[in-house]
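Here's the structure we're looking at; comments come further down.
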Amino acid sequence: MLYTNARIENAAETTDIRVEDGRFAAMEPKLSLLPGEEVTDLHGKLVLPPFVEPHVHLDATLTAGDPVWNMSGTLFEGIECWAKRKDKLSAADVKDRVRRAVRLYASNGVQFIRTHVDVTDPSLVALKAILEVREELRGLADIQVVAFPQEGILSFPHGKELMEEAVKLGVDAVGAIPHFEFTREYAVESLNFACQLAARNDLLMDVHCDETDDDQSRGLETLATRALELGLKDRVTASHTCAMHSYSNAYVLKLMRLLKMSEINFVSNPLVNTHLEGRADTYPKRRGVTRVKELTEAGINVAFGNDDLFDPWYPMGCGAMRDTVYLGLHVTQMMGREDILNSYRFVTTKAARVLHLGDGYGIEVGRPASFVVMDAEDYYEALSNNASVTLSVRKGKAVARTQPARREVLI
Ligand code: FE2
């Protein structure tokens, strides 16, 4: 298959792309057609690596309003709503919702997903269901699973044993939630435990870290220190880090040195962080989004995720990565021309680094021929006009297609 006139990652000139046996076989400005080769003309449209969702909770996805709506929109009412829905959890229910969510993602060009799955459940029903269904969904997406102790590791009965059981069942990454533990001591011990568990089992880590406006929430410094000392480094991701929004500048100045040395990744979730943080404030009201601009300028890898998709904590979401980038740029004040043009990287290459996709990802000869085509010439136009992902190709095979809307002014 030959794809002609592709504008790869905002390039000024177009390129032809040859795909053979599911891999990128050649990329040149003009390639000669081989006998019998099929051709698709991309007409100078934007071609990007597939979108990567680095942070979502597929076990809770698509449950908003079932059985009750979150009327206040707060985190705590969300937890109450989820407690009512949790009673209905079954393998069939989880699998059905995960299938629908992954299809939504696929229709928007997302081909890689990292999901956190609650393991503070003695039966681990959701975890087992997701580990099973991910095999069935490999044609649409690679799903990475994080053992996520929603109610804490030290603060939940048999929390450590449940984490160890999740590792035995085959998760890809170990999680933690230090800011939710009963005490500061538990927070530190939970991180020590989780880091050791990941190191012993050669797993990645992704911690719900300081998802609070409390400027005294200091899980991040412990996580970064353990990542450095145990040599886990960029295998570790700190998700959320909302408290960093509220840290004093003097403390951040000191912290930055450690963060750079540790080489850990960050995932910020601008949609959910702006909506759930600042709830205890009157005015001024904090935005609750971590210091994306400063971290990025320091050379630290930061990606954007959705966190929730139509669930008790976030009542919206269509499986696209566009909105989190769009809001993320506004709320972090990264609205310069180059910032906007390159912002697709938050949900492509930077997110791929979080997932450690390595040479299984990216538009390069020899790599799997996975890419998306957007109805725009560059990402600035794509973001500004909310352009469709018109085609998603995965390992050489077209997996999703969208006809862009045609709008006409009639007068
Ligand atoms: Fe989360």
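The values are calculated or read from the model by the stated rules, or taken from the named source; none is laboratory data. Being a predicted model, the structure only gives us computed values, none of them experimental. Backbone-built Cβ (ideal geometry, glycine too); neighbour counts: all protein chains shown. Accessible surface areas use protein heavy atoms only, side chains included; no ligands, DNA or RNA. Shrake-Rupley method; radii C 1.70, N 1.55, O 1.52, S 1.80 Å.
Please go through segment 388-411 and give me each residue that is surrounded by fewer than 19 Cβ atoms within 10 Å (Cβ to Cβ), among the small types (Gly, Ala, Ser) and touching a strand residue (DSSP E or B) at 6+ places or on another chain (Cβ under 8 Å), ordered by number.
The answer is Gly396, Ala398.
Checking Ala243 against (1) within 16 Å of the ligand (Cβ to nearest atom); (2) of a type in the set (Gly, Ala, Ser); (3) surrounded by fewer than 23 Cβ atoms within 10 Å (Cβ to Cβ): exactly one of these is not met. Which one?
(3)
Could you say which residue among Val267, Val302 is without any contact (Cβ under 8 Å) to a residue 60 or more places away in the chain and touching a strand residue (DSSP E or B) at 6+ places or on another chain (Cβ under 9 Å)? I'd like the intermediate steps shown before the answer.
Working: Val267 fails: without any contact (Cβ under 8 Å) to a residue 60 or more places away in the chain.
After ruling out the rest, the residue left standing is Val302.
Is there a residue being more than 22 Å from Gly299 (Cβ to Cβ), open to solvent by 80 Å² or more (accessible area, probe 1.4 Å) and either more than 23 Å from the chain's Cα centre (by Cα) or more than 16 Å from the ligand (Cβ to nearest atom) (or both) anywhere in segment 259-280? Give the derivation first.
As a first pass, look at segment 259-280 and keep what is more than 22 Å from Gly299 (Cβ to Cβ): 271-280.
If we keep only those that are open to solvent by 80 Å² or more (accessible area, probe 1.4 Å) too, we end up with 279-280.
From what's left, either more than 23 Å from the chain's Cα centre (by Cα) or more than 16 Å from the ligand (Cβ to nearest atom) (or both): 279-280.
For segment 259-280, residues more than 22 Å from Gly299 (Cβ to Cβ), open to solvent by 80 Å² or more (accessible area, probe 1.4 Å) and either more than 23 Å from the chain's Cα centre (by Cα) or more than 16 Å from the ligand (Cβ to nearest atom) (or both): present.
Would you be able to say whether some residue in segment 180-187 is open to solvent by less than 10 Å² (accessible area, probe 1.4 Å), touching a strand residue (DSSP E or B) at 6+ places or on another chain (Cβ under 8 Å) and not β-branched (Val, Ile, Thr)?
no
Check whether at least one residue in segment 282-302 is closer than 16 Å to Phe76 by Cα and under 20 Å from the mean Cα position of the chain (by Cα), and report yes or no. Even if it seems obvious, please write down each step before you answer.
Residues of segment 282-302 that are closer than 16 Å to Phe76 by Cα, as a first pass: none.
Checking segment 282-302: not a single residue is closer than 16 Å to Phe76 by Cα and under 20 Å from the mean Cα position of the chain (by Cα).
Being out of contact with any strand residue (DSSP E or B) (no Cβ under 8 Å at 6 or more places or on another chain) and outside any loop (DSSP other than H, G, I, E, B) is the filter; apply it to segment 277-298 and report the residue that is farthest from Ser248 (Cα to Cα).
So in segment 277-298, the residues out of contact with any strand residue (DSSP E or B) (no Cβ under 8 Å at 6 or more places or on another chain) come out as 277-288, 291, 293-294, 297-298.
Filter again for outside any loop (DSSP other than H, G, I, E, B), leaving 293-294, 297.
Numbers: Lys293: 16, Glu294: 14, Glu297: 19 Å.
My answer is Glu297.
Can you tell me how many residues within segment 214-235 are outside any helix (DSSP H, G or I) and either away from the ligand (no atom under 16 Å from the Cβ) or without any contact (Cβ under 8 Å) to a residue 24 or more places away in the chain (or both)?
Selection size over segment 214-235: 7.
Strands (runs of 3 or more DSSP E) wholly in segment 19-65 with at least 3 residues that are open to solvent by less than 40 Å² (accessible area, probe 1.4 Å), within 16 Å of the ligand (Cβ to nearest atom) and out of contact with any Cys (no Cβ under 9 Å at 6 or more places or on another chain) - which ones?
51-56
Would you confirm, using the coordinates I've provided, whether Tyr344 is of a type outside the set (A, V, I, L, M, F, W, C), crowded, with 22+ Cβ neighbours inside 10 Å and under 11 Å from Leu48 (Cβ atoms)?
When the stated conditions are applied, Tyr344 passes them.
Please find, among Gln144, Gln111, the residue that is part of a strand (DSSP E or B) and away from the ligand (no atom under 16 Å from the Cβ). Full working, then the answer.
Values: Gln144 fails: away from the ligand (no atom under 16 Å from the Cβ).
When all the criteria are applied, what remains is Gln111.
How many residues, within segment 149-179, are in contact with a helix residue (DSSP H, G or I) (Cβ under 8 Å, 6 or more places away or on another chain), open to solvent by 10 Å² or more (accessible area, probe 1.4 Å) and assigned to a helix (DSSP H, G or I)?
Number of matching residues: 5.
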